[in-house]
Structures are given as C-alpha cells and as structure tokens.
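No value in this document is a laboratory result; all are computed from the given coordinates. All values derive from a computational prediction rather than experimental measurement. Note: ideal-geometry Cβ built from the backbone for every residue, glycine included; neighbour counts use all protein chains shown.
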Amino acid sequence: MLLASTALNVFADTSSAEEARAAYIMPLAEKSLLTDIYRVNSSFYVAVGERGHILQSLDGINWQQAAVPLQSNLNAVHFADDQHGWAVGHDAAILATVDGGNSWQVQQFLPESDKPLLDVYFRNRQHGIAVGAYGLFYVTSDGGNTWQQSFFAELAAEEDKEYLLDLQETDPEMYRAELSSILPHFNRIFADGNTLYMVGEAGFIAKSNDFGDSWQRMEEFYNGSLFDLHRTPEMGLLAVGLRGHVFRSSDNGQSWQQVELSESATLNSVFSDQAGNVFLAGNAGALLQSSDDGLTFTDRSESDGKAILNGLVLQNQMLLVTEVGIKVLNLDKSE
C-alpha cells in the first residue's frame, strides 16, 4: 500500500486567544530589518519586515509606513492585482489588503503555534497558498476569508515514508500529528507558469502541476537548505541556499549542476531584470551579478556586510531590502 498522494486537509482555526496588537508607526521604519519586496505595478512597490512593518512607495525612493493591525515579523508579500495583496510571517500570521495597501486586515494569527509562515502566492484574487516552517501549508479559495491547512505525506523524506505508512493504517490521529512535525521547512514557493515549485531545508525541492493539490518530491541534489528558486531569462532554473551554494538546471529540474562561486555567504534570493541579468543576494552583504544566464557571476557585494534579503531592478536602479532597511543602488555607477 502506498501513502496517499492527496493532502490531509484540516480547516484552519484562524483565531487566537491572544489578541493581536497594532504595529507601531516608526519614523525610521524604512531603516529597520526588511525581508521582502514586491513590485505591484510599474509605479507601486511594497516591502515588509520586522514588527509588522509594511512600507509602500510610488517611486522606489520615498517610502511610507502603512497602519498594520499586528506586530508579528513579516517574511513575504504578494499581490494578485493592484488592489489585492497578502503578507505572511511569524505566529502563522496572514494579513490582507483589498484597497491597494491603504488598509490591512488580519486573516490568521496563531501565536501559540510558534511557527512562522515564510512565503505566500496567489494565482488570482481568490486562490492562494501560504507555506512555512515544519511543513506549514495553508490554502484558500475565497481570497483568504477561510484558510485550510493541508499535510502532504508525499513531501516527507524517503526514510520517513515507511513510518508514516504504518501510522496511516494503524493510528490516523497520530499520523496527522506526526505529519505536522516530520515535514521539512518550506522556505519559498515559486510559480513558473502553471507549475509550482517549493524549496526548503535539507535539499527539499518539490513541484506541483495542479496549483498545489498534489506534489511530487524531486530527487535531492544538495543536502543543505535551499532558500529560493528562479526561472532565468533564458529559461534555466537557479536554486540558491546555504554557504554560497548555487545550482543550475537546463532541463526543468531533472538534473542540476553546481555553479562555483567565490562567495560563501548564505544566499537568500535570486532575481533578474529585463536586460537578462541575474542577481543573487545574501548574508554579509553578498550581491552577485550574471550576464550569461547564471553560468558565471561577478561579485558586487556591499561593503557594509549587512544581510540582503531580497531585491528587484527598475530601469537603472536596484531596490534591496536588507537588515538595515531599503537600499537603492545606481546600476550605472556600480562596479
């Protein structure tokens, strides 16, 4: 008998006995730890970070802090369109806006879970997925009014599957409890057309062709944590992770080749621009650029050594979210 390939679904309890407290409006919020940045459209950008900070900008230079109803550290932000966006973070928190970030509402807040959500993705304003540590996986089909928690036995490590199979047959209640602790951290979810990828700890990588209803765990090619996955301009895949590890695939993840770097800092994200350049960002100010679709990289790291969590490129400037807030780099003048 095989492990069930469909999710074990549980309607999430989105409330908490502990009352959420509103984030403080801070005059230097744009210089605090920021973890993710999203381009909503060509003239609207949103960044999120510690203590419930959500910042908005119409030009990438001037930022204004939004009023947010909780103080949980936020790890990721995503918009389905100009008006509908979501942010996720610690305390399994999910925030939503329906007015372009002018106001935010709590859709889920579970501080007693002590588990962070690490990424969020919506394919439209109704259907979304939020993922995080210890196999956290929530789905919604109504814009986040309700969230359903899912557990996927097929995403467990190979050595754990026999144990789970025994539990599935003999103790369904324990089976569910073990699934919630035995699954790996899901660090990032990446949408590649109709295919979703997830990467996580201990070399975890998986893909779904049905928007997360079922998953295939792919063969591991690295035993360390992976923190991001990105489709390059020339249709390669790049995965980045601990201690400067970068891997490239030219066959949609069937095989991977390591890209040698001089940089050994942990890499947090990978992104590209319309000119075909690929950028890697990481701890200790690590910032690398490739002009050959990720085959080789030039080091352009920041001298202050502050961690870079993510970034994006607009025209001749790069916006970075770092442990000391927003950084704007002029690409024309950078070496």
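Relative contact order of the chain, please, whole-number percent, based on alpha carbon pairs below 8 angstrom and at least 6 residues apart.
Values: 919 pairs, mean separation 41.3, N = 335.
Normalised by residue count, the contact order of the chain is 12 percent.
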Quiz item: What are the ³J(HN,Hα) values, in whole Hz, obtained from phi via the Karplus relation 6.51 cos²θ - 1.76 cosθ + 1.60 with θ = phi - 60°, for each residue of segment 158-172 in sequence order, with x given for Gly and Pro?
Solution: 4, 5, 9, 5, 5, 4, 5, 4, 4, 5, 4, 8, 10, 8, x
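How large is the helix-only mean residue ellipticity at 222 nm for the chain, computed as the sum of -39500 (n - 2.57) over DSSP H runs with n ≥ 4, divided by its residue count, in deg cm²/dmol to the nearest 500?
Values: 2 runs with 24 residues, N = 335.
After summing the helix terms and dividing by residue count, I get -2000 deg cm²/dmol.
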Exercise. Place a label point 7 angstrom from the Cα of S291 along the Cα-to-Cβ direction, then list the residues of segment 254-268 whose backbone nitrogen is under 19 Å away.
Key: 262
Exercise. Compute the Cα gyration tensor for segment 26-129, then decide on rounded, prolate or oblate, letting a ≥ b ≥ c be the square roots of its eigenvalues: rounded whenever a/c is under 1.5, prolate when a/b is larger than b/c in the other cases, and oblate in all that remain.
Key: oblate
Practice problem: Using a 10 angstrom cutoff on alpha carbons, build the Gaussian network for the chain and name the most mobile of H78, H127, H53. | Solution: H127
Quiz item: Which one of L117, L164, L55 has the biggest mean-square fluctuation once the chain is modelled by GNM with Cα springs under 10 Å?
Solution: L164
Exercise. For the chain, set up a Gaussian network in which alpha carbons nearer than 10 Å are linked by springs, and say which option among G52, G241, G203 fluctuates the most.
Key: G203
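Which of I182, I37 has the fewest other C-beta atoms within 10 Å, and how do the rest follow up to the most?
Details: I182 19, I37 24.
Ranked by crowding around the Cβ, least crowded first: I182, I37.
Tell me, T170, T322, T266 in order of fewest to most beta-carbon neighbours within 10 Å? Mind dumping the intermediate values first?
Details: T170 9, T322 23, T266 19.
Result, fewest neighbours first: T170, T266, T322.
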Quiz item: Which whole-number percent is the relative contact order of segment 26-129 (Cα, under 8 Å, 6+ apart)?
Solution: 20
Quiz item: What are the GluC sites (Glu not before Pro) within segment 160-252 that DSSP puts in a loop, where the Cβ has at most 13 other Cβ atoms within 10 Å?
Solution: E219, E234
Quiz item: Taking the structure as given and computing percent of Cα pairs over 25 Å apart, which label from [x] 69; [y] 51; [z] 54 fits?
Solution: [y]
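Quick one: I61, I308, fewest Cβ neighbours within 10 Å first, how do they rank?
Details: I61 11, I308 26.
So the residues, fewest neighbours to most, are I61, I308.
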